[in-house]
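Trainee: My structure is below; once you've seen it, I'll send some questions.
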Amino acid sequence: MKFKLKIIHWLTLLWLLLIVFQHEVLFQYLSLWFGYAKLFFVDFSEAIDVLSLKLVNVILSLKLFVFLPALYIIFRKKWIFLQGNLNFSYALLSLLIWILIFAPIITDENPEFSKNLAVTKLLPPFSSVKILHLAGELESSQSEKEKFHMRLNQTVKPAFNERIIFADSVIVSESVVYFQKTQKSELQKNELLLKNGEPFIQNKYFLLGTDEYGRDSFARLIYGTRISLFVGFGAVVLSFIIGIILGFIAGYSGGIFDTVLNRFTELFLSFPVIYLIVLILALFGSSLFSVIIVLGISGWMTLFKIVRGEVVSIKQRDFLISAESIGLKKSQLLAKEILPVILAPVIVNLVFLFSNVILAEAALSYLGLGTGNLYPSWGAMINSGQEYIYKAWWMIAFPGAALILTLFAANSSGRRINKIINPRLDK
Amino acid sequence: MEIAIKNSPEKLFIATEKQTGKAFAKRFLTSLITLFLLVSLIFVFVRLSPGDPTKKYVSAQLSPELSQKISEKFMLDKPVIEQYFAFLLNSVKGDLGVSYNFRQPVMKVVWEYFSFTLVFSTLSIFLQIIFSFSLAIFVARRKNTFLNKAVSDFSLFIYSIPSFVLGVFLIYLFSVVLNLFPISGLKSLDYDSFSFWGKILDQAWHLALPLITLSAAGTAMFYKYIKEGMDDVLHQSYILNLRSSGVKEKVILKKHVIPNAISPLISVAGIELGVLLGGALITEVIFSLPGMGRLTVNSILTRDYPLIIGCVLTAGIVMIIANYLADIIKIKFDKRLLKGLLN
């Protein structure tokens, strides 16, 4: 029998790669997790206090990562899509979802971290700088609480850390001399974190270079993927809900509702959506959720048309009439009788909608109207890259490539799913 | 004169000229209603938005007399309903207040910038149609070859590239690395010293990269529609009949395939104009061109509310007019559509 690559093989490979390359991070997170569990029993109110979005994020990612094999074994009968044959677009899509879930494990850097601009500004890919760690105040008798806090600060990195110094080069003799561009500075050995009596100096590699504020482009790209996909999923779910409900109302009740909703849809379809989005964002301000809501509201029209058409055509079918006569509610009719029938065209539409939303979000961030001011975002990265186009090609190349590949994967997966559902298209 | 169209084997639909006129009038009325709803929607958004809605028309940058005049015109001290009617009336008159940044009536500013966008988009749509058409014909002659498949895949790839990524990439390749084209703007510094033809050449030189950026995605989309239309027609039995009668392949393509494959193109063209306006918005920002898109973005970034409203309204009006024209042209080509419009 010929061996065929399946999606599950690809995911296994990603899982193993993360274990091989990020085992240190994983161990740190594991100890943080156990520390938190301990704190939970020792000091409950403190455990609630210390709970932040970042901590939840790290622990959830870690839990999923650890239990993924077990989950797979339990649900392997249900998750049949994992047995599908692997191709380029499916591989890319699953990689993106992988990044969405496991971003904190893939990179433990904070995407907003910036320090010592002179050294780290606009570094090309694969460049490295030296890190000096300043010694912290050592406390021998620590309570559970303080221990946990220290571990938390070490593991979940904050956006600013005064104990780290980036330097171009370091000379260790009696004292430690380090250079930052043309500036020479000196430190005593006892000011630094020591390891076996020698100062602890690490190399920090910037895989995809840094941006104009010295922030790690790789970390920003990974977290930008998260934001893009989050906005994409959020807006698609919102469009799905609006489109399905309005389409059902229009198709099922007919009459005046149908006419009004149809006119309303045509109104929405007939003016340039991007101008409307821009107007709403300008008037109401742009935050992550306002972007999701606006993009969700602007994308439901095609879904409405599909659902309405399908509902009108199956309104007179026997199965629906019999379901009505049993006395099912309208919401039950929609969820149990109509939705399974029209799911296929709806899914295809949702995939295309997803790619449109990601594109729109990136475009808004590029224009400075999206989420780019608050979170790392591909569009905003390209925008700032354009300012430094003479100096730093990597600032445009990587987010641009990520965006193109994502859209390409979404579009061609949509076409593939469409072909599976409508075999007649594939002549 | 009566035009008879065979709609289906049983029914025969006959459209008189009177009916045609009625259908067009009905379509026009729909456009007007859409326009009215658009204006109302903008008003609702402005009222609903956080902050003092009256401050959306009057800014501290304006002189007290002018502020007084504007607040009288928009009835800002009256109840909401009266404000709404004042807004409607002023929109019909084309008076949308005074832009904070330009200290000029909004419509005057928008009109200045709009003319560029109009020329830019029209040029782009011509380029798109010409390129996609010649590409589709070129590929149709080479059926079942590697080239056919390669062009189709490549067009999907091009369609997936967002305009701003393509634009920035083109700037990097042609302006930064090869130093062939200017990085932004519409005119050279010594533009005034050129002769007439020199001026046109200079503008073309500056517009080359923006036009490629704006047209790429649209070309790929048109190509897809034309190609699908052609493939559809080529599978029809009358083409087989023509072939078996010994008609030349070239004649079949010119006289039978292309006229039949053209109709999806027209129906897409209306929608494409909306895409184009959105694309122009981003392209103008990338290349710092003096168009309406960049005006909109700048007015948003500087919170120039009257100008934002003016820009959105203008874009909406252009879109509605374009949809109307596209529908009319569509009906001219395919009279069967009249029936759907009359019902």
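Trainee: Restricting to DSSP loop positions (anything but H, G, I, E, B) with no more than 16 other Cβ atoms inside 10 Å of their own Cβ, which trypsin sites (Lys or Arg not before Pro) remain in the stretch B:223-268? Write down the numbers at each step before the final one.
Mentor: Details: sites: B:LYS224, B:LYS227, B:ARG243, B:LYS248, B:LYS250, B:LYS254, B:LYS255; in loops: B:LYS248.
Those satisfying the criteria are B:LYS248.
Trainee: Now for a separate question. Could you work out how far apart the two model spin labels at A:THR302 and A:GLU191 are, taking each label as a point 7 Å from the Cα in the direction of the beta carbon, and quote it in nm?
Mentor: 6.1
Trainee: Let me ask something else about it. For the stretch B:154-221, what does the alpha-carbon gyration tensor say about shape, rounded, prolate or oblate, given a ≥ b ≥ c as the root eigenvalues, a/c under 1.5 as rounded, and a/b over b/c as prolate?
Mentor: Because a/c hits 1.5 or more and a/b exceeds b/c, the stretch B:154-221 counts as prolate.
Trainee: Moving on. Taking the 0 to 90 degree range and rounding to the nearest ten, how far is the long axis of helix A:394-421 tilted relative to the main principal axis of chain A, both from C-alpha atoms?
Mentor: So the inclination is approximately 30 degrees.
Trainee: Next question, about the same structure. Which shape class applies to the stretch A:1-133: rounded if a/c is under 1.5, otherwise prolate when a/b exceeds b/c and oblate if not, where a ≥ b ≥ c are the square roots of the Cα gyration tensor eigenvalues?
Mentor: On the way: a/c = 2.63, a/b = 1.26, b/c = 2.08.
Oblate, because a/c is 1.5 or more while a/b does not exceed b/c.
Trainee: Taking 60 Å as R0, compute the FRET efficiency from the Cβ-Cβ separation of A:LEU339 and B:GLN203 and round it to 0.05.
Mentor: 0.65
Trainee: Now for a different question. Roughly how many debye, to the nearest 20, is the charge dipole of the protein assembly as shown about its Cα centre, given +1 on each Lys and Arg Cβ, -1 on each Asp and Glu Cβ, and no other charges?
Mentor: Dipole size: approximately 3040 debye.
Trainee: Among the aspartates and glutamates, which have Cα under 20 Å from the Cα of A:LYS184 when same-chain residues fewer than 8 positions away are ignored?
Mentor: Once the sequence-local aspartates and glutamates are set aside, what remains near A:LYS184 is A:GLU162, A:ASP168, A:GLU174.
Trainee: Starting from the 7 Å offset along Cα-to-Cβ, what nm value, one decimal, do you get for the label separation of B:LYS78 and B:VAL44?
Mentor: Between B:LYS78 and B:VAL44, the label points sit 2.2 nm apart.
Trainee: Filter the cross-link list B:LYS254/B:LYS330; A:LYS305/B:LYS255; A:LYS38/A:LYS77; A:LYS419/B:LYS149 down to pairs whose alpha-carbon distance in this structure exceeds 24 Å.
Mentor: Numbers: B:LYS254/B:LYS330 21 Å; A:LYS305/B:LYS255 36 Å; A:LYS38/A:LYS77 36 Å; A:LYS419/B:LYS149 17 Å.
Among B:LYS254/B:LYS330; A:LYS305/B:LYS255; A:LYS38/A:LYS77; A:LYS419/B:LYS149, the Cα-Cα distance tops 24 Å for A:LYS305/B:LYS255; A:LYS38/A:LYS77.
Trainee: Calculate how steeply helix A:217-253 sits against the longest principal axis of the alpha-carbon atoms of chain A, using the helix alpha-carbon long axis, and give the answer as 0 to 90 degrees to the nearest 10.
Mentor: 20
Trainee: Turning to a different aspect of this structure: Pairing the Cα long axis of helix A:144-155 with the longest principal axis of chain A, what angle in degrees results, from 0 to 90 and rounded to the nearest 10?
Mentor: Orientation of helix A:144-155: about 80 degrees from the principal axis.
Trainee: On a straight-distance basis, which lysines could pair with B:LYS93 in a cross-link, Cα separation under 21 angstrom, same-chain partners fewer than 8 positions away excluded?
Mentor: B:LYS56, B:LYS69, B:LYS73, B:LYS78, B:LYS108
Trainee: Classify the stretch A:36-113 as rounded, prolate or oblate from the Cα gyration tensor: take a ≥ b ≥ c as the square roots of its eigenvalues, call it rounded if a/c is under 1.5, otherwise prolate when a/b beats b/c and oblate if not.
Mentor: Oblate, because a/c is 1.5 or more while a/b does not exceed b/c.
Trainee: Would you give the gap between the C-alpha center of the stretch A:218-237 and the C-alpha center of the stretch A:170-191, rounded to a whole Å?
Mentor: So the two Cα centres are separated by 41 Å.
Trainee: Assuming R0 = 56 Å, what is the FRET efficiency of A:LEU86 and B:SER115, from their Cβ-Cβ distance, to the nearest 0.05?
Mentor: For A:LEU86 and B:SER115, the calculated efficiency is 0.60.
Trainee: Now for a separate question. Over its Cα atoms, what ratio of radius of gyration to 2.2 N^0.38 Å does the protein assembly as shown give?
Mentor: Relative to the 2.2 N^0.38 Å estimate, the protein assembly as shown comes out at 1.11.
Trainee: Using Cα pairs closer than 8 Å and at least 6 residues apart in sequence, work out the relative contact order for chain A, in percent.
Mentor: Values: 556 pairs, mean separation 69.9, N = 427.
Contact order relative to length: 16 percent.
Trainee: I would also like to ask the following. If I model chain A as equal point scatterers sitting on the Cα atoms and use the Debye formula, what is log10 I(q)/I(0) at q = 0.06, 0.10, 0.11 Å⁻¹?
Mentor: The Debye formula, applied to the Cα set alone, gives -0.35, -0.88, -1.02.
Trainee: Using the structure shown, select from A:LYS78/B:LYS224; A:LYS54/A:LYS336; A:LYS121/A:LYS189; A:LYS315/B:LYS224 the pairs with a Cα to Cα distance greater than 31 angstrom.
Mentor: Working: A:LYS78/B:LYS224 37 Å; A:LYS54/A:LYS336 38 Å; A:LYS121/A:LYS189 27 Å; A:LYS315/B:LYS224 34 Å.
The answer is A:LYS78/B:LYS224; A:LYS54/A:LYS336; A:LYS315/B:LYS224.
Trainee: Calculate the translational D of the stretch A:217-426 in whole µm² s⁻¹ from Stokes-Einstein, where the hydrodynamic radius comes from the Kirkwood formula applied to all Cα pairs, the temperature is 37 °C and the viscosity 0.692 mPa s.
Mentor: 175
Trainee: Multiply the residue gap between A:GLU174 and A:ILE389 by 0.36 nm, knock off their C-alpha separation, and tell me the result in nm, one decimal place.
Mentor: Computed gain between A:GLU174 and A:ILE389 is 73.1 nm.
Trainee: Assuming R0 = 45 Å, what is the FRET efficiency of B:ILE329 and A:PHE284, from their Cβ-Cβ distance, to the nearest 0.05?
Mentor: Efficiency for this residue pair is about 0.75.
Trainee: Something else now. For the stretch A:301-384, just the Cα set please: Rg and Dmax, both in angstrom.
Mentor: That works out to 19.7, 61 Å for Rg and Dmax.
Trainee: Tell me the label-point distance for the pair A:GLN202, A:SER31, using the 7 Å Cα-to-Cβ offset, in nm and rounded to one decimal.
Mentor: 1.2
Trainee: On to the next question. With Cβ to Cβ distances under 15 Å as the rule, what net charge do the other residues near A:ARG263 carry (K, R +1; D, E -1)?
Mentor: Taking every Cβ under 15 Å from that of A:ARG263, the sum is +2.
Where a number appears in this text, it was derived from the coordinates with a stated rule and is not lab data. Treat the numbers as computed from the prediction; the structure is a model and nothing was measured. Cβ coordinates were reconstructed from backbone atoms using ideal geometry, including for glycine residues, and neighbour counts include every protein chain displayed.
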